[in-house]
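Novice: Here it is, the structure in full.
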Amino acid sequence: MVTNNPDLDRVLISQAQIAERVKSIAAQVAKDYDNVDNLYMVGILKGAFIFLADLARELQVSHSVDFMAVSSYGKTATTSGEVRLVLDLREPIIDKHVLIVEDIVDTGHTLNYLLKTLRGRQPKSLKTCVLVRKERDSLDINVDYLGFTIPDVWVVGYGLDYADSYRTLPYIAELNKRVYSK
Ligand code: 5GP
């Protein structure tokens, strides 16, 4: 699908495709956590806030929501591999069933850091839910619930940004290289 926004090359995942996939992930999560008291969903800011909001509202199982923020990228579309904790959870997660909800896996460094950090806090269980993963060499990280696999391009929309713009587009689109190579 093409868009009429000159900054975007093409729509990779439409609003309808996202909505359908979010519903089916929520159904799978509800099935898997059916006999659990409460699922502690950890959204990773800022990118996952829209995905988490939609997923949590579809979820037919008792859950609570918390957030973490990490910084791994500057304002450019390059990766450093360095991850820093910017905002931590409000509560300890010892003995809780924790689901990390992340927007995108690129190199895998961010999710790897989050898994290591949260595993050290002794949750009862720890799983990962990711909306999109890029088809590229990345750290070997298990994603328990994955929305879509996409080519190795810079994408924006549905929470994903470039320099804090484009986050609220209802679809996921490929950003034109001209925008980030200025
Ligand atoms: P990783 O640590 O897996 O290389 O990168 C994960 C983080 O990088 C994501 O949480 C996201 O903030 C950012 N990121 C990686 N690729 C993209 C992309 O194509 N678009 C946007 N908006 N962010 C990305």
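The values are calculated or read from the model by the stated rules, or taken from the named source; none is laboratory data. This structure is a prediction, so every number in the text was calculated from the model and none was measured. Cβ placement follows ideal geometry from the backbone for every residue including glycine, while neighbour counts extend to all protein chains displayed. To get the accessible areas, we keep the full protein, side chains included, count just its heavy atoms, and leave off ligands, DNA and RNA. Shrake-Rupley method; radii C 1.70, N 1.55, O 1.52, S 1.80 Å.
Novice: Can you tell me which residue is least open to solvent (accessible area, probe 1.4 Å) among those in the stretch 111-138 that are within 16 Å of the ligand (Cβ to nearest atom) and assigned to a loop (DSSP other than H, G, I, E, B)? Full working, then the answer.
Specialist: Quick first cut of the stretch 111-138, residues within 16 Å of the ligand (Cβ to nearest atom) only: 111-118, 128-138.
So of that shortlist, the ones also assigned to a loop (DSSP other than H, G, I, E, B) come out as 135-138.
Working: GLU135: 127, ARG136: 88, ASP137: 137, SER138: 44 Å².
Once the filter is applied, the top-ranked residue is SER138.
Novice: Now for a separate question. Here are the criteria: (1) within 14 Å of the chain's Cα centre (by Cα); (2) surrounded by fewer than 18 Cβ atoms within 10 Å (Cβ to Cβ). Tell me which single one LEU89 does not satisfy.
Specialist: Against the list (1) within 14 Å of the chain's Cα centre (by Cα); (2) surrounded by fewer than 18 Cβ atoms within 10 Å (Cβ to Cβ), LEU89 comes up short only on (1).
Novice: Evaluate the stretch 17-26: report whether one residue or more is buried (at least 20 other Cβ atoms within 10 Å of the Cβ) and more than 23 Å from PRO151 (Cβ to Cβ).
Specialist: Yes; the residues of the stretch 17-26 include at least one that is buried (at least 20 other Cβ atoms within 10 Å of the Cβ) and more than 23 Å from PRO151 (Cβ to Cβ).
Let's see how each residue does on (1) of a type outside the set (Ser, Thr, Tyr); (2) touching a His at 6+ places or on another chain (Cβ under 8 Å):
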residue	(1), (2)
SER72	no, yes
LEU85	yes, no
ASP88	yes, no
LYS96	yes, no
GLY108	yes, no
LEU115	yes, no
VAL155	yes, no
TYR180	no, no
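Novice: Any idea which of LEU175, LEU89, LEU111 is in contact with a helix residue (DSSP H, G or I) (Cβ under 9 Å, 6 or more places away or on another chain) and of a type outside the set (Ser, Thr, Tyr)?
Specialist: Working: LEU175 fails: in contact with a helix residue (DSSP H, G or I) (Cβ under 9 Å, 6 or more places away or on another chain); LEU111 fails: in contact with a helix residue (DSSP H, G or I) (Cβ under 9 Å, 6 or more places away or on another chain).
None of the others qualify; the one that does is LEU89.
Novice: With at pLDDT 95 or above and assigned to a strand (DSSP E or B) as the only criterion, which of VAL61, VAL65, VAL22 stands out?
Specialist: One residue alone meets the criteria, VAL65.
Novice: Can you report the number of residues in the stretch 139-182 which are under 29 Å from ASP95 (Cα atoms), open to solvent by 40 Å² or more (accessible area, probe 1.4 Å) and modelled with pLDDT of 95 or more?
Specialist: Of the stretch 139-182, the ones under 29 Å from ASP95 (Cα atoms) are 139-147.
When the remaining residues are screened for being open to solvent by 40 Å² or more (accessible area, probe 1.4 Å), the result is 139-140, 142, 144, 146.
Those still in the list that are modelled with pLDDT of 95 or more too: 144, 146.
Adding up the residues that qualify gives 2.
Novice: Is the stretch 37-45 home to any residue that is modelled with pLDDT of 95 or more, more than 14 Å from the ligand (Cβ to nearest atom), over 22 Å from LEU160 (Cβ atoms) and not in a strand (DSSP E or B)? Lay out the reasoning, then the answer.
Specialist: Of the residues in the stretch 37-45, the ones modelled with pLDDT of 95 or more are 38-45.
Next cut, more than 14 Å from the ligand (Cβ to nearest atom) only: 38-41.
In the following step, the residues that additionally are over 22 Å from LEU160 (Cβ atoms) were identified as 38-40.
Applying the additional criterion that residues be not in a strand (DSSP E or B) yields 38.
Yes, there is a match, as at least one residue in the stretch 37-45 is modelled with pLDDT of 95 or more, more than 14 Å from the ligand (Cβ to nearest atom), over 22 Å from LEU160 (Cβ atoms) and not in a strand (DSSP E or B).
Novice: Would you say ASP103 is out of contact with any Leu (no Cβ under 9 Å at 6 or more places or on another chain), open to solvent by less than 50 Å² (accessible area, probe 1.4 Å) and near the ligand (Cβ under 10 Å from one of its atoms)?
Specialist: So ASP103 fails the test.
Novice: With respect to ASP95, is the statement that it is at pLDDT 95 or above, surrounded by 16 or more Cβ atoms within 10 Å (Cβ to Cβ), away from the ligand (no atom under 13 Å from the Cβ) and among the acidic types (Asp, Glu) true? Steps first, answer last, please.
Specialist: Values: at pLDDT 95 or above: yes; surrounded by 16 or more Cβ atoms within 10 Å (Cβ to Cβ): no; away from the ligand (no atom under 13 Å from the Cβ): yes; among the acidic types (Asp, Glu): yes.
Spelling it out, it is not the case that ASP95 is at pLDDT 95 or above, surrounded by 16 or more Cβ atoms within 10 Å (Cβ to Cβ), away from the ligand (no atom under 13 Å from the Cβ) and among the acidic types (Asp, Glu).
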